[in-house]
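What follows is a set of notes on a single structure, which appears directly below.
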């Protein structure tokens, strides 16, 4: 009788908790349109990539030769190259204050955020997640992407605008 009671309790717990777990991470997939270096539109849903912050579309940086370049446009093109002609799959984690879904997204099984941070096209957004800190450390050590020169952190750059 005790076993039956425990099984019943476990079944009720799974039934009560399970739908909440699924609802926290709804999956969206399809063809993505890139809005900027860390935001896509997927089937009419605006999605901000979880755990990363890329230079803003009109942000400029200095390259290794101290030449000014449009690093925000470069980051946007890097994201576009990743998702072009490939289906994107996103797992929603949250919603931001602008109503955008915050999601971890994948293309061909690869985590888009990790790929962008590793290549120096975005930063780990430590204020919200520690997910990509290791990738950022590697990019900085390799002087990849924006780490090859100098730049304002996107969150600081936005404050000055």
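Computed quantities for the displayed model
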item	result
Total residues in the stretch 109-131, condition modelled with pLDDT under 95 and either touching a helix residue (DSSP H, G or I) at 6+ places or on another chain (Cβ under 6 Å) or within 17 Å of residue 33 (Cα to Cα) (or both)	0
Meets criteria (crowded, with 17+ Cβ neighbours inside 10 Å, farther than 16 Å from residue 107 by Cβ and touching a residue at least 40 places away in the same chain (Cβ under 8 Å)) for residue 45	no
Total residues in the stretch 118-129, condition in contact (Cβ under 8 Å) with a residue 24 or more places away in the chain and more than 21 Å from residue 60 (Cβ to Cβ)	5
Single unsatisfied condition, residue 140 versus (1) over 15 Å from residue 75 (Cβ atoms); (2) touching a helix residue (DSSP H, G or I) at 6+ places or on another chain (Cβ under 6 Å); (3) part of a loop (DSSP other than H, G, I, E, B)	(3)
One residue from 97, 66, 134, 143 being surrounded by fewer than 19 Cβ atoms within 10 Å (Cβ to Cβ), more than 13 Å from the chain's Cα centre (by Cα) and at pLDDT below 95	97
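Yes/no matrix, rows are residues, columns are (1) surrounded by 10 or more Cβ atoms within 10 Å (Cβ to Cβ); (2) modelled with pLDDT of 95 or more; (3) assigned to a helix (DSSP H, G or I):
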| site | (1), (2), (3) |
| --- | --- |
| 5 | no, no, yes |
| 10 | yes, no, yes |
| 19 | yes, no, yes |
| 59 | yes, yes, no |
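The values are calculated or read from the model by the stated rules, or taken from the named source; none is laboratory data. Not measured: the values here are computed from a predicted model. In this analysis, Cβ positions are derived from the backbone assuming ideal geometry, glycine residues included, and neighbour counts consider all displayed protein chains.
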